[in-house]
Amino acid sequence: MTFLKSITGAAIAAAMLLTAPGAKADEQHFPLQSYRVGPYAAGGTGFFGGFIDYLNLINTRDGGVNGVKLTWSEGETQYEVEKGVEVYERLKSNPGIAAWNPLSVGIAYAMIDRITKDKVPLITINHGRTDSTDGRVFPYVFPLLLNPYSETSGIVNYIASKEGGLEKLKGKKIVVLYHGSPYGKETIPIYQLLAEKYGFAVSQIEVPHPGNEQQAQWLQIRRERPDFVVLRGWGVMNPAALKTAQKVGFPATKIIGNVWSNSEEDVLPAGEAAIGYTAITTQASGEQYPVVQEIKKVVYDAAKGNLEDKSRIGSVYHNLGIVNGILNVEAVRIAQEKFGHRTLSGDEVRWGFEHLQLDPTRVAALGAKGLFHSINVTWNNHEGDGYVTFQQWDGKKWNVVSDWIAPDWALLRPIIEKSSEAYAAEKGIKIRTAEEAGSLASN
């Protein structure tokens, strides 16, 4: 196992004790397929840093969850599928595993059969396979907060609000500039469907990994003269897109970023080219939320913080990691109330995720009021409510520019079920009932 190099010596010693082989029976383990080097390191260091910071907060402030300490180990994947699978096979022997959180569509796809066999939850917050929202077919996969289709619906609804209503989309032209990966390609059919439904023209243009060079794509965009460009990017692709857009004369105010194109690391390298750029988000940025302030006081003041650069505390990726930590810990807490205040099995934690219902009152009690809206996971809906908001970059910080927006579930759910049922038929999977979801799988 590996640990973040930037942790202080004392924290490293403590972490080694927490993640040593042969974990005690009163510990719950989180193996992390992290990526701290390579073109996507900004997302990895921020997200996994926030996740670990929250686990540290719960251990230091509360003594764990009802006396059960939270432990973790890391394996570097560089966002590569093969390395992600290798880390899974290497770390899955750790006792007391609660859940996997790879933050990678490619790695997540490669893990679905494995985690289903091993009966351990796979958390794909804000990403992953869209039809895994259907818990009838994917009992162990949880695309929490937002799946790619509900993200697409939220973006189109936001554009419609800017134009005066969904009926005003007719005749408009939207370009989707997407990352050339399974993640980037996930929404191609849903953009086409929404274009047909609302009468706008859509052109979808691929940017090969990692996305440093986009001159040809933006020259094509300039020729097409769209009303809006949706940036479905990742890592270095995002600032490159904003800078290239400025070079060809396309205004940042007409570019809408998706949930992986919404961080400080996406806009700061672009400088003035990013001013006026808007992006979707499931969680706000900033340090003002009580849970972030507690992390600063309890974790960073004790030299246990996971971020090397403290100025990133409260950034988009760091806050997403904190929210992800909240969701994982609360699932464990909920499951403990049913199965006991002890180390849980993966299937018991699965039950906890399927009962992960945090309304705004509970979110506020966790110190996260305004940081994220709510979540309402059920046995057959593994995403939750799907609420999003939009933020605009002013050159120094993100400013929220919309209310919380829900996706069009009446449109999306039948599409999701059709896809998941086809997958079940292909794989010979029996579709679960509510009764089956309420019981634990036999080993």
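The values are calculated or read from the model by the stated rules, or taken from the named source; none is laboratory data. None of the values given here were measured: they were computed from a predicted structure. Quick reminder, even Gly has a Cβ in these numbers, built from the backbone with ideal geometry, and neighbours come from all protein chains shown. Keep in mind that these areas ignore ligands, DNA and RNA; they rest on the heavy atoms of the full protein, side chains included. Shrake-Rupley method; radii C 1.70, N 1.55, O 1.52, S 1.80 Å.
On the beta carbon distance between residue 212 and residue 162, with R0 = 45 Å, the FRET formula returns roughly 0.90. With a 1.4 Å probe rolled over the protein heavy atoms of all chains, the accessible area of 89, 224 falls in the order 89, 224, largest first.
Rounded, prolate or oblate: which fits region 83-135 when a ≥ b ≥ c are the square roots of the eigenvalues of the alpha-carbon gyration tensor, with rounded for a/c under 1.5 and prolate only if a/b beats b/c? Verdict is prolate for region 83-135. If only the Cβ of Lys and Arg carry +1 and only the Cβ of Asp and Glu carry -1, the dipole of region 320-397 around its Cα centre is close to 300 debye. Residues within the reach of a label modelled at residue 113 (point 7 angstrom out along Cα to beta-carbon, backbone nitrogen below 15 Å), restricted to region 420-441, are 423-429.
Counted residue by residue at 0.36 nm each, then reduced by the alpha carbon distance between them, the extension gain from residue 397 to residue 223 reaches 59.5 nm. This model, with +1 at the C-beta of Lys and Arg and -1 at the C-beta of Asp and Glu, gives the chain a dipole about its Cα centre of some 480 debye.
Ordered by solvent-accessible area of protein heavy atoms (1.4 Å probe), largest first, the residues 417, 213, 383 come out as 213, 417, 383. If a spin label sat at a point 7 angstrom from the Cα of residue 310 along the line to its beta carbon, the backbone N atoms of region 273-296 nearer than 19 Å would be those of 286-296. On the chain, 53 percent of the accessible area sits on carbon and sulfur atoms, based on a 1.4 Å probe. Of the residues 193, 231, ranked by 1.4 Å probe accessible area with the largest first, the sequence reads 193, 231. Of all DSSP bridge pairs formed entirely within region 120-268, close to 0 percent run antiparallel.
Computed from Cα atoms, the angle from the helix 9-18 axis to the main principal axis of the chain rounds to 70 degrees. Taking amide H atoms as placed 1.01 Å from N in the peptide plane, the amide H of residue 37 lies under 5 Å from those of 78, each 5 or more residues away in sequence or on another chain. In the elastic network of the chain, a GNM with C-alpha springs shorter than 10 Å, the most mobile of 244, 45, 361 is 361. From the coordinates of this entry, Rg/Rh (Cα atoms, Kirkwood Rh) is computed, and it appears in (i) 0.95; (ii) 1.03; (iii) 0.99 under the label (i).
Computed from backbone phi with θ = phi - 60° and the Karplus coefficients 6.51, -1.76 and 1.60, the 3J(HN,Hα) list for region 296-312 is 4, 6, 7, 9, 6, 5, 9, 6, 10, x, 8, 8, 6, 9, 5, 5, 7 Hz; x is used for glycine and proline.
Between the Cα long axis of helix 105-118 and the first principal axis of the chain there is an angle of about 30°, rounded to the nearest 10.
Using 1/(1 + (r/R0)^6) with R0 = 45 angstrom and r between the beta carbons of residue 185 and residue 300, what's the FRET efficiency to the nearest 0.05?
Once the sixth-power term is evaluated, E becomes 0.70.
Decide, for region 37-126, between rounded, prolate and oblate: order the square roots of the alpha carbon gyration tensor eigenvalues as a ≥ b ≥ c, take rounded if a/c falls under 1.5, and otherwise choose prolate if a/b is larger than b/c, else oblate. Judged from the Cα gyration tensor, region 37-126 comes out oblate (a/c at least 1.5, b/c at or above a/b). Computed from label points 7 Å out along Cα-Cβ, the spacing between residue 418 and residue 357 is 3.0 nm.
On the basis of the beta-carbon distance and an R0 of 22 Å, residue 374 and residue 341 show a calculated FRET efficiency of 0.30. Indicate, rounded to the nearest 5 percent, the antiparallel portion of the DSSP beta bridges found entirely in the chain. Bridges in the chain are about 30 percent antiparallel.
Of interest is the spacing of the C-alpha centroids, which for region 81-157 and region 328-400 amounts to 16 Å. Geometric descriptor of region 277-336, per residue, is 102 Å³ (volume of the convex hull of the Cα atoms). Each helix, a run of at least 4 DSSP H residues, gives -39500 (n - 2.57); summed and divided by the residues of the chain, these come to -12500 deg cm²/dmol at 222 nm. Taking all protein chains as they are arranged and a probe of 1.4 Å, the heavy atoms of residue 415 leave approximately 50 Å² accessible to solvent. Proximity of backbone amide H atoms, modeled 1.01 Å from N, is registered between residue 203 and 174, 175, 176 at under 5 Å, excluding neighbours fewer than 5 places apart on the same chain. Against the main long axis of the alpha-carbon atoms of the chain, helix 316-339 sits at an angle near 40°. Counting only protein heavy atoms and using a 1.4 Å probe, the accessible area of residue 359 comes to about 80 Å².
From the largest down, region 277-377 spans 41, 34, 21 angstrom on the principal axes of its Cα atoms.
Summing charges over all other residues whose Cβ lies under 11 Å from the Cβ of residue 161, with Lys and Arg as +1 and Asp and Glu as -1, gives 0. A viscosity of 1.306 mPa s and a temperature of 10 °C, combined with the Kirkwood radius over Cα pairs in Stokes-Einstein, give a translational diffusion coefficient for region 95-227 of 96 µm²/s.
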